[in-house]
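Asks: Would you mind keeping the following structure in view while I ask a few things?
The values are calculated or read from the model by the stated rules, or taken from the named source; none is laboratory data. Please read these numbers as outputs of a predicted model, since none were measured by experiment. All Cβ positions, glycine included, derive from the backbone under ideal geometry; neighbour counts span all protein chains shown. Ligands, DNA and RNA are excluded from the accessible area calculation, which covers all protein heavy atoms including side chains. Shrake-Rupley method; radii C 1.70, N 1.55, O 1.52, S 1.80 Å.
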Amino acid sequence: MEKMNKKVMEKIASAARLFFFLDYDGTLTPIVARPAMAKLALHHKLILLNLSKQKNTRMAIISGRGLEDIKHRVGIPGIIYAGNHGLEIEGIRMKGVHPSALAFKSIVKKLIHRLEHAYAFFPEVLVEDKTYSVSVHYRQAPEEKIDFLKMILLREVGDFLSNSQLVLAEGKKVWEIRPPTEWHKGRTALWLLGRVVSKAEKNVLPVYIGDDITDEDGFKAIKKNGITIRVTDKTSEPTEAQYGLHSSDEVFVFLKEVMKLRRENAL
Ligand SMILES: [Mg+2]
């Protein structure tokens, strides 16, 4: 992973068309104690809004959050939103849910009920219903308790996991229980590129920015023909991303600079 440099900035600034794929938590907002607290700062929202309105620029937010949640949090019209790592997508003239996720809805309901019951005496655990998946957040739990909390989770979902009705994925202080589909952020980004970008629009440069394990699929999918950026303060961590930024604040400095350069280039 390299630092963002002038050469990359020039490439982005001079691309005929740009397609931004942006993660939300940890990328557009700092990581916070409870997911409900992750709010997009107003001045950052304005940067996103202005960037999305620039000529020859498209933007998609791809998040692990549920679609309604992420739409509400970002609140910018005219862009694409992909929730549940791309299982739900909504944009101009398109809205849909991945078929395998639809079938999963009733299992999620059952699971939410079970997990809320199992963690009833653990206020440090937050069970989040994302309609097509479940997140179990444990950021507020002390380190020594995590193994035990995971044991509880496995006790409740073990059966589903062993007969492949569900898969368990790990993120930053969160366990996610999802439908067993190969669909992920990377495939979502590629699908959107193929679907939204018409054949006439050649030379689209995709730019993928994310911070978590699930974004690695996005980096892998985009890096061959695009720019991939991981937001992290640990530069030694292995990643598929080509470039690094240190914080969500740096992401906005970068996006602002892109906007300025493209305005100067009149692109
Ligand atoms: Mg993230």
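Asks: Compare the peptides 42-50, 240-248, 1-9 by average per-residue count of other Cβ atoms within 10 angstrom and give them in order, highest first.
Replies: Top to bottom by mean Cβ count within 10 Å: 240-248, 42-50, 1-9.
Asks: Please list, ordered by chain and number, the residues whose modelled amide H lies under 5 Å from the amide H of Arg58; skip anything fewer than 5 residues away on the same chain.
Replies: Leu18, Phe19, Phe20
Asks: Separate question: First measure r as the distance between the Cβ atoms of Arg139 and Val197, then evaluate 1/(1 + (r/R0)^6) with R0 = 45 Å and state the FRET efficiency to the nearest 0.05.
Replies: 0.75
Asks: What FRET efficiency comes out for Ile152 versus Asp129 if R0 is 22 angstrom and r is the Cβ-Cβ distance? Round to the nearest 0.05.
Replies: Between Ile152 and Asp129 the formula returns 0.80.
Asks: Between Ala33 and Ala266, 0.36 nm times their residue separation minus their Cα-Cα distance comes to what?
Replies: Length difference between fully extended and current span is 79.7 nm.
Asks: Give me a comma-separated list of calculated 3J(HN,Hα) values for segment 217-232, in order, Karplus coefficients 6.51, -1.76, 1.60 applied at θ = phi - 60°, integers in Hz, x for any Gly or Pro.
Replies: Whole-Hz 3J(HN,Hα) from phi for segment 217-232: 4, x, 4, 4, 6, 9, 4, 5, 10, x, 10, 10, 10, 9, 8, 6.
Asks: Could you give the angle, 0 to 90 degrees to the nearest 10, between helix 146-162's Cα long axis and the longest principal axis of the Cα atoms of the chain?
Replies: 90
Asks: Now for a different question. Across segment 223-264, how large is the tail of the calculated P(r) beyond 15 Å, expressed as a percent of all Cα pairs?
Replies: Of the Cα pairs, 50 percent sit more than 15 Å apart.
Asks: Counting only heavy atoms of protein chains, what accessible area per residue, in Å², does segment 101-178 have with a probe of 1.4 Å?
Replies: That works out to 54 Å² for each residue.
Asks: Could you name the lysines in cross-link range of Lys109, using Cα to Cα under 26 Å and dropping any fewer than eight places away on the same chain?
Replies: Output for Lys109: Lys71, Lys95, Lys130, Lys150, Lys172, Lys173, Lys185.
Asks: Same structure, new question: Rounded, prolate or oblate, given the Cα gyration tensor of the chain, with a/c below 1.5 counting as rounded?
Replies: prolate
Asks: Among rounded, prolate and oblate, which fits segment 23-163 when a ≥ b ≥ c are the square roots of the eigenvalues of its C-alpha gyration tensor, a/c under 1.5 means rounded, and a/b larger than b/c means prolate?
Replies: Judged from the Cα gyration tensor, segment 23-163 comes out oblate (a/c at least 1.5, b/c at or above a/b).
Asks: Can I ask one more? Using alpha-carbon pairs under 8 Å, 6+ residues apart, how would you state the relative contact order of the chain in percent?
Replies: RCO, the chain: 25 percent.
Asks: Assign unit charges at the C-beta atoms only (+1 for Lys and Arg, -1 for Asp and Glu), then state the dipole size of segment 101-178 relative to its Cα centre in Debye, rounded to the nearest 20.
Replies: The dipole magnitude comes to about 260 debye.
Asks: Any chance you could list P(r) for segment 101-178, counting all Cα-Cα pairs in 5 angstrom bins from zero, rounded to whole %?
Replies: 3, 16, 30, 28, 15, 6, 1, 0
Asks: Let me ask something additional. With θ set to phi - 60°, apply the Karplus curve 6.51 cos²θ - 1.76 cosθ + 1.60 along segment 67-76 and write out the HN-Hα couplings as whole Hz, x wherever there is a Gly or Pro.
Replies: Computed from phi, the couplings for segment 67-76 are 4, 4, 4, 5, 4, 5, 5, 7, x, 9 Hz.
Asks: Classify segment 177-267 as rounded, prolate or oblate, taking a ≥ b ≥ c as the square roots of the eigenvalues of its Cα gyration tensor: rounded when a/c is under 1.5, otherwise prolate if a/b is larger than b/c and oblate if not.
Replies: Since a/c reaches 1.5 but b/c is at least a/b, the shape of segment 177-267 is classed as oblate.
Asks: Run the reach check for Lys6 against aspartates and glutamates, Cα to Cα strictly under 20 Å, same-chain hits fewer than 8 apart removed. What comes back?
Replies: Output for Lys6: Asp249, Glu250, Glu257, Glu264.
Asks: Continuing with this model, one more query. 5 Å is the cut-off here: which amide hydrogens, built 1.01 Å from N in the peptide plane, fall below it relative to Asp211, excluding neighbours closer than 5 in sequence?
Replies: Amide H neighbours of Asp211, under 5 Å, 5+ apart: Val231.
Asks: For the pair His246 and Leu161, what calculated FRET efficiency results from E = 1/(1 + (r/R0)^6), where r is the Cβ-Cβ distance and R0 = 35 Å, to the nearest 0.05?
Replies: 0.45
Asks: Can you tell me the length gained on complete extension of the stretch Leu168 to Glu182, counting 0.36 nm per residue apart and subtracting the Cα distance?
Replies: 3.8 nm
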